[in-house]
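Structure first, then comments.
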Amino acid sequence: MWRNIVISFERVLVLKPPIKPQPYNWNNYITKAATGQQQQQHHRSLCSSLVHYKTETQPSSSVEGDPEYIVPYKPEYERAQSSQALIEALRTRFRLSDKEMQQIMEDPLVAKHYRKKSLLLTLDLLMAEGVTRKQFVEYPWIITLEKGSLTEKISLLKSLRGFRDINDFVPFLRLHLPRLRRLVGSMNQEADHIAFGSRIYYIADKLKAPVSLVNKYLAKRLFVLEMPLEMFKTNLELMLKYNVESHNILKDLWAFRYAPRSVEMRLKRAISAKKDKIMPWMVRCPESILQKSLQISLDDLEILGDRTPAEYVGDRLGFTAEQAMCIMNKHPQVKSVRMTKIKEVLDYLLNEAKFTRHEIAQVPRILCHSLETTKQRMEELKQYGCRPSSLVILCKSKREYSKFLNAWIDQYNPNKNRQEGSETKTDDSSQS
């Protein structure tokens, strides 16, 4: 501590050497004077311009009409100009409708990256490679891809065995470059062991579907292109054997991940239960769900026998099968309702609620409505002396039904006068 005090005291005692006066240079004085005058003049002009800017930017109707009025910069102006440039470029290259243009500009990736200058370069590169207008509308994100990696991705796709058209493989351009490189390599290795040299073309041929549509779904489920070849071919053949529709296979590719033995067993059970439509989810769903679905099919089969749903509804309502089909087409959701429910609803409406067949035919939607709710509403309306002239009110939403019921209670309730009379007598007796 004392050492630091002594050092500080010594520093204070150090004397600075005197500054020697230098001879005055008049040339430097003239130069500095001239420079100083220029700086002062520049300072005055800058201050005047700032004052002028402040005056001009004041909110005034007379000032805003001035052609020299200064508009403050806003980032939105640059954004609008950039989007307009992209829109003009797309309209110049393609004849796009307003709806198609809106679909492109509202794509999340396009909205995020359209201010980049590389978008137009990517657009021109894709057009040079033969990408069509349809692909730009369906996959707007392709114009946001980096030009460098995009060139290499296109080269990789063209190296596929049996390659035909780049427009069929646009969905794969979204993959990362290392992932796409591994995928192309594995597909080329098995090219000699599968028809058409590629699983993609093999699937398209088996399902009788366009290659572009097949790739749209395969690009999201790449495991189908990388799983063991024999397992893939066996599962595909089994689904086609048991009449699984092509578009259902493409929409639910997860069934390919199961062993062929398990796939065949599930599909056989569905066929034995007389399922009219075999779906891929029956292969992969839990056992309890499959069992419930098969039981419903067996119950429906017991009700229908050899009849179609339209024939059954026609028999119950006294119409021909063609007339019943027209009735069901008025509300197509009826076709997807299980027959056990349709039977229960018809039994209640015809036998208990005593509605006529024509009243039911006018509102086929009632066959889709909850039977429990229908019974509850009928009992509630009956309490207030209301027998609905149409089944429409029973199918309304909870809010609309409550509104109807309250209006009936206030205006059309036949028991209202009796209730008011009893209330009046009670008041008189209490007063006496």
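Residue-normalised convex hull volume from the C-alpha trace of region 262-391: 112 Å³ per residue. Where Lys and Arg each count +1 and Asp and Glu each count -1, what net charge lies around residue 169 among other residues with Cβ under 12 Å from its Cβ? Every neighbour counted, the sum reads +2.
Each listed q (0.23 Å⁻¹) maps to a log10 I(q)/I(0) for region 330-392, found by the Debye formula over equal Cα scatterers with no solvent: -1.01. Loop-located trypsin sites (Lys or Arg not before Pro) in region 243-304 (DSSP state not H, G, I, E or B) with no more than 13 neighbouring Cβ atoms inside 10 Å: 274, 277.
Residue 297 sits with roughly 20 Å² accessible to a 1.4 Å probe, with DNA, RNA and ligands left out of the calculation. Structure note, pairs 241/268; 208/275; 208/241; 134/216; 206/335: Cα-Cα distances above 21 angstrom occur for 208/275; 206/335. Local charge for residue 293 was computed over the other residues whose Cβ lies under 14 Å away, with Lys and Arg +1 and Asp and Glu -1, and equals +4. Counting only protein chain heavy atoms and rolling a 1.4 Å probe, the accessible areas of 254, 141 rank, largest first, as 254, 141. For the set 408, 281, solvent exposure ranked by accessible area (probe 1.4 Å, protein chains only) runs largest to smallest as 281, 408. For region 206-345, the extents of the C-alpha atoms along the principal axes are 56, 32, 21 Å, listed from largest to smallest. Scaled against the 2.2 N^0.38 Å expected of a compact globular protein of N residues, the Cα radius of gyration of region 163-227 reads 1.03.
Along each principal axis, taking the top coordinate minus the bottom one, the Cα set of region 231-277 gives 26, 23, 15 Å in descending order. Ranking of 124, 98, 300 by solvent-accessible surface, largest first: 98, 124, 300 (1.4 Å probe, protein heavy atoms only, all chains present). Each residue of region 295-306 is assigned a 3J(HN,Hα), and the resulting list reads 5, 4, 5, 5, 5, 5, 5, 5, 6, 6, x, 9 Hz, derived from the Karplus form 6.51 cos²θ - 1.76 cosθ + 1.60 (θ = phi - 60°), x at Gly and Pro.
Centroid-to-centroid, using Cα positions, region 104-175 and region 240-296 are 37 Å apart.
Counting only protein heavy atoms and using a 1.4 Å probe, the accessible area of residue 276 comes to about 150 Å².
The values are calculated or read from the model by the stated rules, or taken from the named source; none is laboratory data. Small disclaimer: the values here were computed from a predicted structure and weren't measured. In this analysis, Cβ positions are derived from the backbone assuming ideal geometry, glycine residues included, and neighbour counts consider all displayed protein chains. Areas reflect the complete protein model, heavy atoms only, side chains present, ligands, DNA and RNA absent. Shrake-Rupley method; radii C 1.70, N 1.55, O 1.52, S 1.80 Å.
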